[in-house]
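Colleague: My structure is below; once you've seen it, I'll send some questions.
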Amino acid sequence: MSTRLRLLVASFLMLFLELSLIRWLGSQVVHLSYFSNFVLLGSFLGIGLGFLRAGRPRRSPPYYSPVALVALIGFISAYPVTVDRQDSSVIFFTSLSTGGPPIWVTLPLIFLAVAAILAGPGELVADCFHHLPRLTAYRYDLIGSLAGIVAFTVCAFLGVPPVVWFVLCSGLFVLLFGVTGRLVSTGLLIATVAMFGYPFLTEDNTFWSPYYEVTTFEGPDGNNATQWWLYVNGIPHQRLTTAETRLLQEPYYGEPYRRVPTAPENMLIIGAGTGTDVSIALANGVDHVDAVEIDPSLLEFGKQTNPDDAYQDPRVTTYVNDGRAFLERTDTKYDLILFALPDSLTLVSGASALRLESYLFTEQAMESARDHLAPGGAFSMYNFYREPWLVDRLANTMDRAFGHPPCLLSSPGASALAVMVVGLTPEDQVCEATWSPGASAVPSPSTDDHPFLYVNDNAGIAGIPTVYVASIALILLASIIAIGLVGGKQVAGMWGYRDLFLLGAAFLLLETKNVTGFALYFGTTWLVNALVFGGVLVAVLAAVEVTRRFRVPPLRLMYVVLFGGLLLAWAVPTSWVLSLPFTLRLVVAVTLAFIPIMAANVIFAKRFASTTKPTIAFGTNLLGAMFGGCLEYLALATGYRSLLILCALLYLAAYLLMPRAPGGRHVLGAGLAKAAA
């Protein structure tokens, strides 16, 4: 292969393998789906280490990478692993035991294993950087990475299983290692097929949705009917049975209909899942139901297997969408709005603690639900909330949004079952008991800026759960040791690129802010996430092309544009953007995101073009991105808007630390001339 083609293939492998590990590990390791950001951080570390290793003389090809991949897959497949979290300040939805290795053992080991795997593709990419001009190499790296994201998005859309993901990755290793390494890598390819192929050929009760690995079990429901159990990522998630059986065994499902003075005619159910809640609504005489479900695979499974044929009923209209996004776009008024156990078991890609439904339970979301109620209407939610403080937080949020406390049916115990119903006015709810704050401090409502519903801000360290603080500290320690061992004498050379380290950290925070912002404006669906990440790469690629082909403004002016873009993004309130029509909202959101991203990447491209050791420089930038991923957890204490301030401070420090000539001027111009020559 030519160097350019080799770089494209290696970059494709790097991104595709990273996304595959994030998704597969989250489905196999209990509770890791709530820490998927740690897999992303391990990927940044590994790729950075690969770039550092590429600068060492007399090294062997990175055969260690596919060996580590097969070893990790084999170990996880053979020995179930649990991330044991013992921290009541953050809630993880699962009814399974939390036994297993301590979190300070499990997370660093997975983190380091991912780093070892991704170091190989990083090294293969870095090899190509030695033989191409700086910006040309960066350009092909971005194109290959963008292709990797597109390919994995297609796999998610089609429900392609992991056997395809990892066989493709193994095949690319075979292709990239050349003749001398094909014997080793072909053996690893065969091992990968054997480990993944056999289970998928023998088990037909498992399928992959865009969010989860779903396993289904069929059996009797104790009432002369059939029921289905659905496990996602190995955790019990939904039970599909008839409305009659569900109401008989768990009567609290009927509470929302008993707590309103008149029977609802038009109803909205968010988190409709496989249709049991829809069946119960129809059984209670509702004339029409709008059923919203974010996961298309779960909705399709319900259409095929629901024993009441709820989704075939002409009174039901289904929507595949994020619940908050649906509320923002519809003009329909409802007699009853129900949030039916919408508790996700995974995080939004690239966000440290933002779950799929996080923006559904903010104070602004409940105000939006209130605004979609018809006169005499009511809003309800129920779930097994695990902790009493979460029940108090949600009831407090409803109290603030509606101006009066909700009806509350709750049961003591570890599950913290609760049903809450609040009418548009106090006369629109029929209560046996209403919520009132207890003796202990009630956590404040989550907001669109601080949407961390499951984090108790009255506990932890400065509002950040201890489990995260300890894990990040261990990961940073492991990273420092790994950089010292792999980098060797090159570590000293990294100091000359400390501004690139800060640029990487700042850009990761900027990307996180945009991911979470678009999740709020347009929903947390997998498609929105894919479009955001793809859009960021397209913007970066555009900045590189502009820098390569045109005379761009001086660096100082680009920093002015960058800080101006950050100030604009900070000043524009999210509530105003949400109030705009969809098309105008899209234009405004893209503009607010594009200005600082474009300016930041023109700055990086100009600086990177002037470097004398491109692999060390690029590796330092990637390690900075990993550090930025750790800083992202500060949002748990301060909110996402504050990340823009931290981002601006990092960019300011990068500007001040940029190398300067003896006369005090930046040496970038001379470096660019030398690179062009």
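Colleague: Can you tell me how much longer the chain between Thr317 and Phe75 gets when fully stretched, taken as 0.36 nm per residue apart minus their C-alpha distance, in nm with one decimal?
Modeller: So the extension gain works out to 82.7 nm.
Colleague: Going highest first, how would you order 206-218, 303-315, 274-286, 386-398 by mean Cβ packing within 10 Å? Kindly include the intermediate steps, with their values, before the conclusion.
Modeller: Working: 206-218: 18.5, 303-315: 16.3, 274-286: 24.4, 386-398: 21.8.
With the highest mean Cβ count within 10 Å placed first, the list reads 274-286, 386-398, 206-218, 303-315.
Colleague: Let me ask something else about it. What ranking do 482-489, 45-52 get when scored by the average of other Cβ atoms within 10 Å per residue, highest first? Write out the running numbers ahead of the final one.
Modeller: Details: 482-489: 15.8, 45-52: 29.8.
Peptide ranking by packing, descending: 45-52, 482-489.
Colleague: While we're looking at this one, here's another question. Which of the cysteines found in the chain have nothing to pair with, since no other Cys Cβ lies under 4.7 Å from theirs?
Modeller: Among the cysteines of the chain, those whose Cβ sits 4.7 Å or more from every other are Cys128, Cys155, Cys169, Cys630, Cys647.
Colleague: Now a separate question. How far is the Cα center of the range 411-487 from the Cα center of the range 525-600, in Å?
Modeller: 31
Colleague: Ok, one more. Each residue of the range 459-465 in turn: what ³J(HN,Hα) in whole Hz from Karplus with 6.51, -1.76, 1.60 and θ = phi - 60°, glycine and Pro shown as x?
Modeller: Computed from phi, the couplings for the range 459-465 are 10, x, 10, 6, x, 9, x Hz.
Colleague: Tell me, what is the FRET efficiency for Asp287 and Val587 to the nearest 0.05, using R0 = 56 angstrom and their Cβ-Cβ distance as r?
Modeller: Numbers: r = 38 Å, r/R0 = 0.68.
So, using R0 = 56 Å, E works out to roughly 0.90.
Colleague: If amide H atoms are built 1.01 Å from N in the plane of the peptide, which residues on other chains or at least 5 residues away come under 5 Å of the amide H of Leu373?
Modeller: The answer is Tyr334.
Colleague: Whose amide H sits under 5 Å from the amide H of Gly55, counting only residues 5 or more places off or on another chain, with H placed in the peptide plane?
Modeller: Here the answer is none, since no amide H 5 or more places off falls under 5 Å of that of Gly55.
Colleague: Quick one: what are the phi-derived ³J(HN,Hα) couplings along the range 443-457, Karplus 6.51/-1.76/1.60 with θ = phi - 60°, whole Hz, x for glycine and proline?
Modeller: These are the phi-based 3J(HN,Hα) values: x, 5, x, 6, 10, 5, 7, 10, x, 9, 4, 8, 10, 7, 6 Hz.
Colleague: Could you order peptides 499-505, 644-650 by the average number of other Cβ atoms within 10 Å of their residues, highest first? Walk me through the numbers before you get to the answer.
Modeller: Working: 499-505: 26.1, 644-650: 19.1.
So the order, starting with the most tightly packed, is 499-505, 644-650.
Colleague: Considering amide H positions built from the backbone, and no H for Pro or chain starts, which residues 5 or more places from Ser209, or on another chain, come under 5 Å of its amide H?
Modeller: Here Val214 satisfy the definition.
Colleague: Among (1) 26.0, 88; (2) 34.2, 108; (3) 49.7, 160, which one is Rg and Dmax of the Cα atoms in Å computed from these coordinates?
Modeller: (1)
Colleague: If the chain between Ala374 and Leu652 were fully stretched, how many nm would it gain, using 0.36 nm times the residue separation less the Cα-Cα distance? Mind dumping the intermediate values first?
Modeller: Details: separation 278, 0.36 × 278 = 100.08 nm, distance 5.07 nm.
95.0 nm is the gain from fully extending Ala374 to Leu652.
None of the figures in this text is laboratory data; all of them are computed from the coordinates on show. Note that the structure is predicted; figures quoted are calculated from it, not measured. Counting neighbours? That spans all protein chains shown, and the Cβs are built from the backbone with ideal geometry, glycine included.
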